[in-house]
Amino acid sequence: MRIWAIANQKGGVGKTTTVVTLGGLLASQGKRVLVMDLDPHGSLTSYFGHDPDTIEQSVFDLFMHKGAVPDGLPESLITATSCPGLDLMPASTALATLERRMVGVDGMGLIISKTLALLWDQYDFVLIDNSPSLGVLMINALAASQQLVVPVQTEFLAIKGLERMMHTLSMVIRSQKSNLQHMILPTMFDRRTQASTQSLRTIKQTWGDNVWKFAIPVDTKFRDASMQGLVPSELDAATHGVRAYKKLLETLLEKTPNGI
Ligand SMILES: Nc1ncnc2c1ncn2[C@@H]1O[C@H](COP(=O)(O)OP(=O)(O)O)[C@@H](O)[C@H]1O
Ligand SMILES: [Mg+2]
């Protein structure tokens, strides 16, 4: 099983789009893929037609057993999506209360790791979507993952948000003694604008080899796909945005060849 987390402490940078697009591409290659929504806003959950305000069973249930994850519980929370081979573990807005509830409860940082251990034989890939806030959910995602992808929008203010995320990451890596790999992913790149080209240059100068060598272009097909609840490659596999994600997928597969 290969487990990738998609996170950045900034919203609207393409996290959910990255999860959906990579998940759809992997599923179209015949892989068994689970996408997990760890964002209390539930955008990934809404994408596939569920309402995070009213959903009965969600990731939230995993945190209600004093740090243990009962056998059979993870499976019971999973639902199929419109895309064959792609399953969803949805979020509910109740996740927003987790931080408050978890104060003083031990072992809450490994709930997602324990969950995925129970699903080990059932999926080839797990992609975890995150909220923009650092808390127990993101700590769980980072602890469970082998690879972190940090989407960053190629615009002027991007670099500040990125500094914050990379600082968080180094703190978490130190405290978990993990060897989590990470890759910065420039998104919504528009080569016709100075804001995009200059900020891409700055991102590459500042973060060097940790930045993916290409960028995901601006492509209106992503919004169209989300409005229809389709993974972007089902709407249009040849659009330039999807083609860029295919190249990204190749890079990620090279970086985590076998998983753990
Ligand atoms: N490469 C892109 N080109 C154009 N629009 C994009 C692109 N990536 C994402 N979007 C759109 O931008 C908005 C925010 O993206 P989203 O993936 O939800 O960000 P996040 O999960 O980081 O908040 C969505 O409406 C999405 O459809
Ligand atoms: Mg999102």
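Restricting L134, L127 to those that are in a loop (DSSP other than H, G, I, E, B), of a type outside the set (D, E), within 16 Å of ligand 2 (Cβ to nearest atom) and surrounded by 18 or more Cβ atoms within 10 Å (Cβ to Cβ) reduces the list to L134. Taken together, V172, V150 contain a single residue that is touching a Leu at 6+ places or on another chain (Cβ under 7 Å), at pLDDT below 95 and buried (at least 17 other Cβ atoms within 10 Å of the Cβ), which is V172.
Return yes when A237 is surrounded by 18 or more Cβ atoms within 10 Å (Cβ to Cβ) and modelled with pLDDT of 95 or more and no when it is not. Spelling it out, it is not the case that A237 is surrounded by 18 or more Cβ atoms within 10 Å (Cβ to Cβ) and modelled with pLDDT of 95 or more.
The residues in the stretch 4-55 that are within 16 Å of ligand 1 (Cβ to nearest atom) and in contact with a Cys (Cβ under 7 Å, 6 or more places away or on another chain) can be counted, and the count is 1.
Does the stretch 72-86 contain at least one residue that is modelled with pLDDT of 95 or more, among the acidic types (D, E), more than 30 Å from T197 (Cβ to Cβ) and touching a Ser or Thr at 6+ places or on another chain (Cβ under 8 Å)? No: the stretch 72-86 contains no residue that is modelled with pLDDT of 95 or more, among the acidic types (D, E), more than 30 Å from T197 (Cβ to Cβ) and touching a Ser or Thr at 6+ places or on another chain (Cβ under 8 Å).
Summed over the stretch 62-93, the residues that are more than 17 Å from A117 (Cβ to Cβ) and assigned to a helix (DSSP H, G or I) give a count of 1. Any residue at all in the stretch 1-8 that is of a type outside the set (V, I, T), free of Cβ contacts under 8 Å to residues at least 60 places away in the same chain and either within 16 Å of ligand 2 (Cβ to nearest atom) or in contact with a strand residue (DSSP E or B) (Cβ under 6 Å, 6 or more places away or on another chain) (or both)? No, the stretch 1-8 has no match at all.
Within the stretch 192-231, the residues that satisfy the criterion of being within 16 Å of ligand 2 (Cβ to nearest atom), assigned to a helix (DSSP H, G or I) and not small (G, A, S) are F222, R223, M227.
Residues that are of a type in the set (S, T, N, Q) and touching an Asp or Glu at 6+ places or on another chain (Cβ under 7 Å) within the stretch 223-260 comprise just one, T239.
The rows are residues; the columns are (1) of a type in the set (A, V, I, L, M); (2) more than 13 Å from ligand 2 (Cβ to nearest atom); (3) within 19 Å of V136 (Cα to Cα).
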position: S43; (1), (2), (3): no, no, yes
position: T54; (1), (2), (3): no, yes, no
position: A80; (1), (2), (3): yes, yes, no
position: L86; (1), (2), (3): yes, yes, no
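Among the residues of the stretch 2-16, those that are in contact with a Leu (Cβ under 7 Å, 6 or more places away or on another chain) and either hydrophobic (A, V, I, L, M, F, W, C) or surrounded by 22 or more Cβ atoms within 10 Å (Cβ to Cβ) (or both) comprise I3, W4, A5, I6, A7, T16.
Given the condition over 18 Å from G42 (Cβ atoms), in contact (Cβ under 8 Å) with a residue 40 or more places away in the chain and not aromatic (F, W, Y), answer yes or no: does some residue in the stretch 127-143 qualify? Within the stretch 127-143 (the criterion being over 18 Å from G42 (Cβ atoms), in contact (Cβ under 8 Å) with a residue 40 or more places away in the chain and not aromatic (F, W, Y)), the answer is yes, since at least one residue qualifies. You will find that of G14, G24, G107, G30, the residue that is among the small types (G, A, S) and modelled with pLDDT under 95 is G107 and no other.
Please work out if A96 is outside any strand (DSSP E or B) and in contact with a Pro (Cβ under 6 Å, 6 or more places away or on another chain). The answer is yes for A96. With respect to V19, determine if the residue is surrounded by 18 or more Cβ atoms within 10 Å (Cβ to Cβ), within 12 Å of ligand 2 (Cβ to nearest atom) and part of a helix (DSSP H, G or I). Spelling it out, V19 is indeed surrounded by 18 or more Cβ atoms within 10 Å (Cβ to Cβ), within 12 Å of ligand 2 (Cβ to nearest atom) and part of a helix (DSSP H, G or I).
The values are calculated or read from the model by the stated rules, or taken from the named source; none is laboratory data. Only a predicted model underlies this, so the values are computations on that prediction, with no experimental measurement involved. Every residue, glycine among them, receives a Cβ derived from its backbone with ideal geometry; neighbour counts consider all protein chains shown.
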